[in-house]
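Asker: Attaching a single structure in structure tokens format; questions to follow.
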Amino acid sequence: IVSDGHQGDRAAICPPESVLDLGGRYKIGWLQEIIWQWWGEFRREIDKRTRGNYILLVNGDWLEGDHHRTKNAFSLNLNDQLAAAMVTLGPLARRAKAVYITRGTGAHAGQSAEWEEAFAREIGAVRDKNSGVYSRPALNLLIEDVLVNASHYIGISGSTQYESSALMQEATRVFTECARWGRRVPDLIVRSHRHRHLAIPIKRDGGTTTIFTTAAWQLKTPYVYGIAGGGVSTPQIGGSIIAIDGNTYQDYHFIRSIDQDPIEEIEIAQVPKTDRKPMARGNRPHRR
């Protein structure tokens, strides 16, 4: 499971060099190089844990889109963002048994998720049998006997001490709706959007439901710096791997972080001493 790639943004995951419309090129900076190295580590972790037997879920906002008059994108051309996304996710998608795409925010996915839908169609996502779309607002996927409920949105808190509150609220909503309408309770509830990982296993009658939020593949942006706590928050980069066997599962989360605003040490040059004494106040020349 991956989410929030925001490809097209200069603070997000990007191949080392991207070919742009009409032949231009974009080369990544040093922070993006670190993200790209972590992407390679994550792919090796997928190979190690799945041996190629996996389903890929992209839980929204993999493209940056054209939003809020942003100046932080290296290209707002959807074709450039799609090309970068295919270089990044294409190899994973081609090896996957199936690919599922959920829709992210309208700012990044486009109105009616038109950009996310184009991306899902391009990468070969499984088409919804009822609506015919390639990207879904939400996904209920039964893998063997483990039910996964995935959608992009969840509440965001600016206070670390309340970071788990939105997850418990979301889980409570799911439990209530399932009880109200006699539906099966999901074993896994997957949410994204907040760019921070947190997992809470909740014991219930008949098993355990784990709700978790995924990390992102984007560093802090000017938008993040503008919100409360943005100047001190640590970006979380990574994805999640769920191993399923019958009616049991084990969740593993690949999480990396970087101090985007490290401590800088300044060296103050010593001011040279002088024998010159300051004038007495009465002897200072008048300025006219």
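Asker: If you place +1 on the Cβ of every Lys and Arg and -1 on the Cβ of every Asp and Glu, how big does the dipole about the Cα centre of segment 40-81 come out, in debye to the nearest 20?
Answerer: It comes to approximately 220 debye.
Asker: For I211, enumerate residues with amide H under 5 Å from its amide H, sequence gap 5+ or separate chain, H modeled in the peptide plane.
Answerer: So I211 has HN proximity to I189, I200, I202.
Asker: Can you tell me how segment 75-131 classifies by the Cα gyration tensor, rounded, prolate or oblate, using a/c under 1.5 as the rounded cut?
Answerer: Oblate, since a/c reaches 1.5 and b/c is not below a/b.
Asker: Roughly how many percent of the accessible protein surface of segment 10-73 is carbon and sulfur, given a 1.4 Å probe and a whole-percent answer?
Answerer: Exposed carbon and sulfur together represent 47 percent of the surface.
Asker: Cα axis of helix 30-50 to longest principal axis of the chain: angle in degrees, 0 to 90, nearest 10?
Answerer: 20
Asker: Compute the accessible area per residue over the chain, keeping the other protein chains in place, probe 1.4 Å, unit Å².
Answerer: Accessible area per residue: 58 Å².
Asker: Let me have the relative contact order for segment 21-141, percent, based on Cα pairs under 8 Å that are six or more residues apart.
Answerer: 26
Asker: Under unit Cβ charges (Lys, Arg +1; Asp, Glu -1), what dipole magnitude, rounded to 20 debye, does segment 59-190 have relative to its Cα centre?
Answerer: 280
Asker: Mean separation of Cα pairs under 8 Å and 6+ residues apart, divided by the residue count of the chain: what relative contact order is that in percent?
Answerer: 18
Asker: So for L31, L188, what's the accessible-area order with a 1.4 Å probe, most first?
Answerer: Most to least solvent-accessible, the answer reads L31, L188.
Asker: A further question follows. What number, rounded to the nearest 500 deg cm²/dmol, is the helix-based mean residue ellipticity at 222 nm of the chain, given -39500 (n - 2.57) per DSSP H run of at least four residues and division by all its residues?
Answerer: So the helix-based figure for the chain works out to -8000 deg cm²/dmol.
Asker: Something else now. Quote the charge dipole size of the chain about the Cα centre in Debye, to the nearest 20; the model charges only the Cβ of Lys and Arg (+1) and of Asp and Glu (-1).
Answerer: Roughly 1000 debye, rounded to the nearest 20.
Asker: Quick one, which of (i) 22.9, 77; (ii) 19.7, 62; (iii) 24.3, 95 is the actual Rg and Dmax of the Cα atoms in Å calculated for this model?
Answerer: The listed entry that was calculated here is (iii).
The values are calculated or read from the model by the stated rules, or taken from the named source; none is laboratory data. All values derive from a computational prediction rather than experimental measurement. When we count neighbours, we look across all protein chains shown, and the Cβ atoms used for this are built from the backbone with ideal geometry, even at glycine. Surface accessibility is based on the protein's heavy atoms, side chains included, excluding ligands, DNA and RNA. Shrake-Rupley method; radii C 1.70, N 1.55, O 1.52, S 1.80 Å.
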